[in-house]
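Peer 1: Got a structure here, written out as structure tokens. Questions coming.
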Amino acid sequence: MRLRLITTSIRTRLLVAYVGIILIGFSGLTVLAGGQITAAVRADYSQRLQYEIRLIAQGTSQSIAAYIRGELTEAELTAIFKAYETQSGGTLALYSIGESPHSYGEYERPPVGSFFNMPEMETALRGETMLVERKNEEGEDTLYTASAIVLNRQVKGLIQLGVPSQNIQGLVLQRWAILGLSFVLVTSAALLAALWLSRSIIQPLFALRESAVRLSQGDFSHRVTVTWKDEIGEVAQAFNEMARQVQSMLEEQRAFASNTSHELRTPLTAIRLRTEALRNDPTLDETTARRYIEEIDDEVASLGNLVQDLTLLSRFDAGRAELGHDQIDFARLAGSLCQQLSPQAAEKHLELTLSPPEQPVLVNASLNHLTVVFRNLLDNAIKYTPDGGQISWRIQAGESGVYHTIQDTGSGIAPQHLPHIFERFYRADKARSRDIPGTGLGLALVKSVVEAYGGRITVESEGVGKGTTACVFWPHSATTPKNSG
Ligand code: ADP
């Protein structure tokens, strides 16, 4: 419900922002464009009227000359004026200059005296034209322009055109109507685009939310269908990757728990059988009883080791394992480990050789952790090498750390098992290793410890029966530890 509210508000905010920008932007643009268009229409109309009055002046001067010569009647001249008036949509007035023996009928105005408050007439007298706006005799807003009538190169009169201002307002209104319509159309299209955009942003977020809810309900197999090739698509991919990792972590944990319980159950069953026999079997002779007690001891010891390994492993997993700072000489540690394990090696007639560097190789680490690592590797070499084989441990000091190579001539590891040997409870050849003690936790623990100190471990084998080589690189300083305490 909370999520729903948040996403809805994102959509609303997006829409409000888009609509606001679109309306303000387009209104501003429309007003600006409207102003420009109005000015342009006025300028254009003014040019047109002035051009027209010049044409009328030219046209009527010819007719007036013909009228003076008696070639046109007054009625014919009037008709010509009328035609010009219809064409221009205004009214014409004729002002003669000086004494005129002729009558120009309804168009005639008193002879010129002064053109007070009629600047277009003054301008016409100078042979130019202009447009002015003022009220006519009926008090209506009118646009006036005038031009000189020239006969035989002499200004004989002035002709004035008056057009109602309404004409130009009509034109301007027409332009504004077109502009308004465009504004409505473009704004609607932009609003639709904004709606689509906000939807296309929110829709994938809803899908992501849906998937997150399913994940929180325990459906870890669910994935978001990624169809968007944008930032949200990347988030969806990251989400899927996270779900995949959580799923594999959970599966790993489940397998770990079931393996652990299995490994604990087997020795516990053996112990229970022995103790029951010891308690309830009256026919048990002393030798068998002692053997049972020894076997119980062995099982308890191996249980103890298993619990110790599990505890250490879980500490490294949780990042709670303290990286030690004891100063340890690798050569001495290796010598002491070889000595401890030499009875086991001797039992199988194995030749165990150690090649330490001439100088002491000092590192800062926990003695316990180092012992876990190299004891496990040596243990494996001894366990998986048949009688009469050889095991060698070479230690070389490098610039950034120390290189250990533990090589044996033992059973080797088949290529298909190699990628899995660091997995918890993995034993390469279960049938073959049934008689060899072990839980499959050793290498997993070794890897956790080595990597916690910023080191590396690899195990290589040419194949079954071809021996195994374990290489460990231990850095001088634990620069990039995975775990820290
Ligand atoms: P385990 O307790 O079985 O020894 P590890 O984790 O130490 O468990 O090793 C995992 C598996 O890797 C072993 O079961 C074994 O099959 C294989 N392996 C490890 N070291 C060697 C080796 N030196 N020679 C042959 N196989 C080995």
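The values are calculated or read from the model by the stated rules, or taken from the named source; none is laboratory data. These numbers come from a predicted model, not from an experiment. Neighbour counts are summed over all protein chains in view; Cβ atoms, including those assigned to glycine, are modelled from backbone coordinates with ideal geometry.
Peer 1: Could you list all residues from the stretch 410-468 that are within 45 Å of the chain's Cα centre (by Cα), β-branched (Val, Ile, Thr), within 23 Å of Gln390 (Cβ to Cβ) and not in a loop (DSSP other than H, G, I, E, B)?
Peer 2: Across the stretch 410-468, the qualifying residues are Val446, Ile457, Thr458, Val459.
Peer 1: Just checking, does the stretch 445-453 include any residue being over 22 Å from Glu263 (Cα atoms) and among the polar types (S, T, N, Q)?
Peer 2: Within the stretch 445-453, not a single residue is over 22 Å from Glu263 (Cα atoms) and among the polar types (S, T, N, Q).
Peer 1: Now for a different question. Within the stretch 290-308, can you find the residues that are more than 23 Å from Val372 (Cβ to Cβ) and surrounded by fewer than 14 Cβ atoms within 10 Å (Cβ to Cβ)?
Peer 2: Of everything in the stretch 290-308, those that are more than 23 Å from Val372 (Cβ to Cβ) and surrounded by fewer than 14 Cβ atoms within 10 Å (Cβ to Cβ) turn out to be Arg290, Arg291, Ile293, Glu294.
Peer 1: Being of a type in the set (A, V, I, L, M, F, W, C), farther than 30 Å from Leu268 by Cβ, free of Cβ contacts under 8 Å to residues at least 60 places away in the same chain and assigned to a helix (DSSP H, G or I), is that true of even one residue in the stretch 318-337?
Peer 2: yes
Peer 1: So the check is Cβ under 9 Å with 6+ separation or different chains; which pairs have a first residue in the stretch 190-211 that's part of a helix (DSSP H, G or I) and a second one that's surrounded by 14 or more Cβ atoms within 10 Å (Cβ to Cβ) and of a type in the set (Gly, Ala, Ser)?
Peer 2: As it stands, the answer is Pro204/Gly233; Pro204/Ala236; Ala207/Ala236; Leu208/Ala236; Ser211/Ala236; Ser211/Ala243, since those pairs meet every condition given.
Peer 1: Something else about it: Inspect the stretch 380-393 for any residue being under 22 Å from Asn305 (Cβ atoms), hydrophobic (A, V, I, L, M, F, W, C) and either within 8 Å of the ligand (Cβ to nearest atom) or assigned to a helix (DSSP H, G or I) (or both) and give the result as yes or no.
Peer 2: The answer is yes, given that some residue of the stretch 380-393 is under 22 Å from Asn305 (Cβ atoms), hydrophobic (A, V, I, L, M, F, W, C) and either within 8 Å of the ligand (Cβ to nearest atom) or assigned to a helix (DSSP H, G or I) (or both).
Peer 1: Can you pull out the residues in the stretch 181-237 that are under 15 Å from Gln247 (Cα atoms) and charged (D, E, K, R)?
Peer 2: Arg214, Asp219, Arg223
Peer 1: Another question, if that's okay. Show the residue pairs that are 6+ apart or on different chains and have beta-carbon atoms under 6 Å apart, the first residue being within the stretch 12-38 and closer than 25 Å to Gln174 by Cβ, the second being of a type in the set (Lys, Arg).
Peer 2: Cβ pairs passing all conditions: Ile37/Arg175.
Peer 1: For the stretch 30-51, indicate whether the set of residues that are under 30 Å from Arg199 (Cβ atoms), modelled with pLDDT of 90 or more and touching a helix residue (DSSP H, G or I) at 6+ places or on another chain (Cβ under 6 Å) is non-empty.
Peer 2: Yes, the stretch 30-51 has at least one match.
Peer 1: Being away from the ligand (no atom under 11 Å from the Cβ), on the phi < 0 side of the Ramachandran plot, surrounded by 14 or more Cβ atoms within 10 Å (Cβ to Cβ) and not small (Gly, Ala, Ser), is that true of even one residue in the stretch 409-422?
Peer 2: No; the residues of the stretch 409-422 include none that is away from the ligand (no atom under 11 Å from the Cβ), on the phi < 0 side of the Ramachandran plot, surrounded by 14 or more Cβ atoms within 10 Å (Cβ to Cβ) and not small (Gly, Ala, Ser).
Peer 1: Which condition breaks for Arg244 when tested against (1) in a helix (DSSP H, G or I); (2) at pLDDT below 90?
Peer 2: Going through (1) in a helix (DSSP H, G or I); (2) at pLDDT below 90 one by one, Arg244 breaks only (2).
Peer 1: Restricting attention to the stretch 394-409, which residues are assigned to a strand (DSSP E or B) and among the acidic types (Asp, Glu)?
Peer 2: Within the stretch 394-409, Asp408 is the sole residue that qualifies.
Peer 1: Might you let me know whether the stretch 357-370 holds any residue that is within 15 Å of the ligand (Cβ to nearest atom), crowded, with 21+ Cβ neighbours inside 10 Å and either within 26 Å of His476 (Cα to Cα) or free of Cβ contacts under 8 Å to residues at least 60 places away in the same chain (or both)?
Peer 2: No, because not a single residue in the stretch 357-370 is within 15 Å of the ligand (Cβ to nearest atom), crowded, with 21+ Cβ neighbours inside 10 Å and either within 26 Å of His476 (Cα to Cα) or free of Cβ contacts under 8 Å to residues at least 60 places away in the same chain (or both).
Peer 1: Also, quick follow-up: Looking at (1) closer than 30 Å to Asp317 by Cβ; (2) of a type outside the set (A, V, I, L, M); (3) away from the ligand (no atom under 15 Å from the Cβ), can you tell me which one Gly440 breaks?
Peer 2: Among (1) closer than 30 Å to Asp317 by Cβ; (2) of a type outside the set (A, V, I, L, M); (3) away from the ligand (no atom under 15 Å from the Cβ), the lone unmet condition for Gly440 is (3).
Peer 1: Let me ask something additional. Looking at the stretch 95-103, can you tell me whether even one residue there is surrounded by fewer than 12 Cβ atoms within 10 Å (Cβ to Cβ) and at pLDDT 85 or above?
Peer 2: Checking the stretch 95-103: not a single residue is surrounded by fewer than 12 Cβ atoms within 10 Å (Cβ to Cβ) and at pLDDT 85 or above.
Peer 1: Return the total of residues in the stretch 337-368 being in contact with a strand residue (DSSP E or B) (Cβ under 7 Å, 6 or more places away or on another chain) and more than 26 Å from Leu323 (Cα to Cα).
Peer 2: So the answer is 8.
Peer 1: Could you please tell me which pairs satisfy a Cβ distance under 8 Å, a separation of 6+ or placement on different chains, a first residue in the stretch 412-424 that is in the same structural domain as Ser461 (by TED's automatic domain parsing), and a second residue that is of a type in the set (Asp, Glu) and near the ligand (Cβ under 7 Å from one of its atoms)?
Peer 2: Once the first residue is in the same structural domain as Ser461 (by TED's automatic domain parsing) and sits in the stretch 412-424, its partners that are of a type in the set (Asp, Glu) and near the ligand (Cβ under 7 Å from one of its atoms) give Ala414/Asp429; His417/Asp429.
Yes or no, residue by residue, for (1) among the aromatic types (Phe, Trp, Tyr); (2) part of a strand (DSSP E or B); (3) crowded, with 20+ Cβ neighbours inside 10 Å:
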position	(1), (2), (3)
Phe115	yes, no, no
Ala124	no, no, yes
Gly127	no, no, no
Val155	no, yes, no
Leu161	no, yes, yes
Leu171	no, no, no
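Peer 1: Could you check the stretch 182-200 and list, in sequence order, the residues that are crowded, with 17+ Cβ neighbours inside 10 Å and either within 16 Å of Ile24 (Cα to Cα) or among the β-branched types (Val, Ile, Thr) (or both)?
Peer 2: Phe183, Thr187, Ala190, Ala194
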